[in-house]
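Undergrad: One structure is given below, represented as structure tokens, and several questions about it will come after.
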Amino acid sequence: MGLEVDFEPIGRRVLSVRGETILDVAQRAGIMLTSICGGAGACGRCVIRLMSGQVSIPNITEELELGKEDVVAGWRLACQTEILGEVRVHIPPESFVTAQRMQTEGQTLPIDPDPAVRAFNVDLAPPTLDDLRSDANRLRDALDSSALTFAAPLLRCLSNDLRSLNFHATVFIRGTSVVGLRPVRSPALGLAVDIGTTKLAAYLVDLSSGETLASVGAMNPQIAFGEDVMSRIGHAIIHPGGAEQLRSAIVETLNELARDLCAQINRQAEDIVDAVVVGNTAMHHLFLGLPVKQLGQAPYVAAESAALDLPAYDLGLEISPGAFVHLLPNIAGFVGSDHVAMLLASGLHERKGVVLGMDIGTNTEMSLVAQGRHLACSTASGPAFEGAHIQFGMRAAPGAIEGVVIQGEKVLIKTVEDMPPVGLCGSGILDLVAQMRRAGIINSRGAMNLAGGNPRVRNGAHGGEFVVATTEEGGTEITFSRSDTNEIQLAKGAIRAGVNILLQHAGVTEGDIDEVIIAGAFGTYLNVQSGIDIGMFPRVDRHRYKQVGNAAGVGARLALLSKAQRERAKELARQVEYVELTAEGGFASKFARALPFE
């Protein structure tokens with residue numbers, strides 16, 4: 001029996017034998033770790049972090065390359081670390097030969113900027129023995145506003161900053177609060193962030209022009225503590241200090257992203273004077289350090305659902321010392337501010353007819369606008385479309401199969417960056433299941449047709465399996481088993497049951513749907529027709545579907561640029577009627593009826 005090695009954040013699980021190095025296992029699975037020295041330990045590039053499991057003790061090579069403190073913290077060299085049991089490791093971005101695909105793009109909307117923060121250039125007279133006004137009052141007088149207030153972090157640096165700038169500065173004001181002091185004519189920069197369960201998307205925006213100056217994506221570091229929302233809630237509850245671990249991980253990564261974004265335009269993170277953050281309710285609570293126990297048990301109630309404006313300094317964000325972070329409102333325990341942001345960006349609530357909006361992920365949030373009502377729900381679709389619980393599943397990294405066409409005994413595949421195939425990501429999995437169903441390789445229940453004569457169908461360790469790629473075709477044999485198919489059935493069934501229940505509550509049928517909006521990273525790359533073919537999506541004309549990319553990120557930027565959009569978000573959250581699926585009568589039977597691929 002092999003020992004499983006779980007490679008995060010790509011979500012690839014590979015069987016190994018005792019004594020193999022982590023680098024050996026990664027290379028055999030086609031996971032491209034940087035190893036310039038060929039595994040001798042001399043280059044120090046194949047760095048990984050041990051999250052759990054049994055491995056060999058660190059050797060002198062690792063201590064010399066990484067330092068004792070990092071080794072104690074779990075950092076290891078993959079080429080020097082031997083596997084002794086089940087292992088879970090995290091691979092930092094710099095250890096990959098090529099980066100994992102991140103989704104930050106989304107449709108853009110024209111907007112006249114009306115940000116919460118305004119910029120004023122001031123030219124102050126320095127103090128003299130005849131002018132002993134305090135530095136704060138000197139600034140108030142220059143701006144003709146006696147009501148101006150200063151947050152404590154800003155006051156601590158105000159005097160030194162004024163003098164280093166020779167009393168010529170740009171002052172950034174939010175309402176009556178001074179939030180930043182920078183060199184004269186500095187641009188007003190804002191940060192918009194979408195905290196997804198799996199991925200983060202961050203944007204640096206010019207608040208005056210509305211232009212997005214830079215964007216960057218990253219994996220959510222909380223994956224190390226659990227792949228889905230419930231796992232992280234469990235970690236926060238069960239482990240002493242677990243909630244702070246999760247909060248610190250996300251804050252540290254957001255600070256890194258802010259620095260990276262500013263470096264792209266030769267600015268500093270201190271130039272960021274306003275921020276907007278969106279995410280599902282659990283991500284929202286974990287970021288703020290709010291209790292999450294009540295989110296993990298019925299009736300799944302948020303600690304706070306209203307829009308918030310909190311000092312960035314108090315949250316640990318290393319931007320302008322007086323800056324605030326605006327958080328859009330949550331709708332319910334499992335429909336968060338990211339869905340509100342998606343609604344802002346898509347304009348779903350303003351469209352005519354019957355409109356369905358879906359943001360597909362580990363949790364799939366969906367809205368239905370029909371008959372003058374706006375209904376929303378969340379389905380626990382699970383991480384299968386992120387590659388979890390699928391034998392050769394992985395996230396969208398180079399070599400992941402993202403598109404499949406079956407032509408008789410031939411399988412045509414498309415991989416991320418056209419690299420040799422090493423696994424299956426979500427869009428490829430969806431295509432594969434649809435193609436297998438169309439070719440008669442599986443039936444509506446997901447059972448494999450072993451007697452159908454296709455030489456790629458065989459009995460495997462997990463029952464019937466289909467050979468997607470052979471060693472001759474790419475280097476790694478990739479199969480898809482009946483147990484893999486079951487995982488997709490569960491995800492597909494959850495999503496379709498949610499759609500059916502919303503339609504039922506609105507008193508309409510799928511044939512009445514005028515438009516379907518698909519949002520989110522997975523929704524960007526999936527083949528809509530494959531989703532229709534397996535019954536996951538409503539059977540309406542393909543032209544009625546619209547894929548809008550990371551609409552939550554677009555909505556966060558709209559809120560960053562416009563006070564009116566922030567007010568609109570509050571109104572939207574109040575208008576939505578939330579449908580709690582676990583309280584739905586007969587939900588189990590409705591879910592069961594949504595499982596077949598038909």
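Undergrad: Looking at the structure I just gave you, is residue 433 closer than 22 Å to residue 376 by Cβ and at pLDDT 90 or above?
TA: No.
Undergrad: While we're looking at this one, here's another question. Hey, can you tell me all the residues within segment 580-598 that are outside any helix (DSSP H, G or I) and either farther than 26 Å from residue 304 by Cβ or at pLDDT 95 or above (or both)?
TA: Listed by number, the residues that qualify are 585, 586, 594, 595, 596, 597, 598.
Undergrad: Going through segment 22-43 one residue at a time, which ones are over 19 Å from residue 398 (Cβ atoms), open to solvent by 20 Å² or more (accessible area, probe 1.4 Å) and not hydrophobic (A, V, I, L, M, F, W, C)?
TA: 24, 38, 39, listed by residue number.
Residues checked against (1) buried (at least 16 other Cβ atoms within 10 Å of the Cβ); (2) of a type in the set (Gly, Ala, Ser); (3) in contact with a His (Cβ under 7 Å, 6 or more places away or on another chain); (4) not in a helix (DSSP H, G or I):
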position: 412; (1), (2), (3), (4): no, no, no, yes
position: 428; (1), (2), (3), (4): yes, yes, no, no
position: 431; (1), (2), (3), (4): yes, no, no, no
position: 434; (1), (2), (3), (4): yes, yes, no, no
position: 437; (1), (2), (3), (4): yes, no, no, no
position: 440; (1), (2), (3), (4): no, yes, no, yes
position: 445; (1), (2), (3), (4): no, no, no, yes
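Undergrad: Taking the residues in segment 236-269 that are small (Gly, Ala, Ser) and under 17 Å from residue 190 (Cα atoms) as candidates, determine which candidate is surrounded by the most Cβ atoms within 10 Å (Cβ to Cβ).
TA: 258
Undergrad: Report, by residue number, each residue of segment 487-532 that is outside any loop (DSSP other than H, G, I, E, B) and free of Cβ contacts under 8 Å to residues at least 12 places away in the same chain.
TA: 504, 532, listed by residue number.
Undergrad: Is it true that some residue in segment 534-557 is within 30 Å of residue 116 (Cβ to Cβ), of a type in the set (A, V, I, L, M, F, W, C), open to solvent by less than 60 Å² (accessible area, probe 1.4 Å) and at pLDDT 95 or above?
TA: Looking through segment 534-557, at least one residue is within 30 Å of residue 116 (Cβ to Cβ), of a type in the set (A, V, I, L, M, F, W, C), open to solvent by less than 60 Å² (accessible area, probe 1.4 Å) and at pLDDT 95 or above.
Undergrad: Evaluate the following for residue 540: is it more than 22 Å from residue 494 (Cα to Cα) and either touching a helix residue (DSSP H, G or I) at 6+ places or on another chain (Cβ under 9 Å) or not basic (Lys, Arg) (or both)?
TA: no
Undergrad: If you don't mind, another one. Only residues in segment 139-152 that are open to solvent by 70 Å² or more (accessible area, probe 1.4 Å) count as the first member; pair them with residues that are among the hydrophobic types (A, V, I, L, M, F, W, C), Cβ under 9 angstrom, at least 6 apart or cross-chain, and list the lot.
TA: 141/124
Undergrad: Now, a different point. For residue 158, are the conditions met, namely being surrounded by 18 or more Cβ atoms within 10 Å (Cβ to Cβ), assigned to a helix (DSSP H, G or I) and in contact (Cβ under 8 Å) with a residue 60 or more places away in the chain?
TA: no
Undergrad: I'd like to check which strands (runs of 3 or more DSSP E) are fully inside segment 309-381 and have at least 3 residues that are open to solvent by less than 10 Å² (accessible area, probe 1.4 Å), over 30 Å from residue 182 (Cβ atoms) and of a type outside the set (Ser, Thr, Tyr).
TA: So the answer is 355-359, 364-370, 373-379.
Undergrad: Further, regarding this structure: Give the residue that is most open to solvent (accessible area, probe 1.4 Å), with candidates limited to residues of segment 200-235 that are more than 16 Å from the chain's Cα centre (by Cα) and among the aliphatic types (A, V, I, L, M).
TA: 213
Undergrad: Here's another thing I want to ask about it. Being of a type in the set (D, E, K, R) and in a helix (DSSP H, G or I) is the filter; apply it to segment 558-579 and report the residue that is least open to solvent (accessible area, probe 1.4 Å).
TA: Taking the candidates together, the pick is 566.
Undergrad: With 392, 466, 385 as the choices, which residue is buried (at least 20 other Cβ atoms within 10 Å of the Cβ), within 29 Å of residue 32 (Cα to Cα) and without any contact (Cβ under 8 Å) to a residue 60 or more places away in the chain?
TA: 466
Undergrad: So for segment 224-231 (the condition being among the hydroxyl-bearing types (Ser, Thr, Tyr), in contact (Cβ under 8 Å) with a residue 12 or more places away in the chain and outside any strand (DSSP E or B)), does at least one residue qualify?
TA: no
Undergrad: Which residue is least open to solvent (accessible area, probe 1.4 Å), if the candidates are limited to segment 447-463 and must be in a loop (DSSP other than H, G, I, E, B) and of a type in the set (A, V, I, L, M, F, W, C)?
TA: That would be 447.
Undergrad: Another question about this same structure. Take segment 426-454 and flag every residue that is without any contact (Cβ under 8 Å) to a residue 60 or more places away in the chain and within 30 Å of the chain's Cα centre (by Cα).
TA: Matches in segment 426-454: 428, 429, 432, 436.
Undergrad: Does residue 529 satisfy the criteria of being of a type in the set (S, T, N, Q) and touching a strand residue (DSSP E or B) at 6+ places or on another chain (Cβ under 6 Å)?
TA: no
Undergrad: Hey, another quick one. Can you tell me which residue is nearest to residue 401 (Cα to Cα) among those in segment 440-454 that are touching a Gly at 6+ places or on another chain (Cβ under 8 Å) and of a type in the set (A, V, I, L, M)?
TA: Across segment 440-454, the extreme among qualifying residues is 441.
The values are calculated or read from the model by the stated rules, or taken from the named source; none is laboratory data. These numbers were taken from a predicted model, which means no experiment stands behind them. Heads up, the Cβs are rebuilt from the backbone with ideal geometry, glycines too, and the neighbour counts pull from every protein chain shown. In case anyone asks, the SASA skips ligands and DNA or RNA and just uses the protein heavy atoms, side chains included. Shrake-Rupley method; radii C 1.70, N 1.55, O 1.52, S 1.80 Å.
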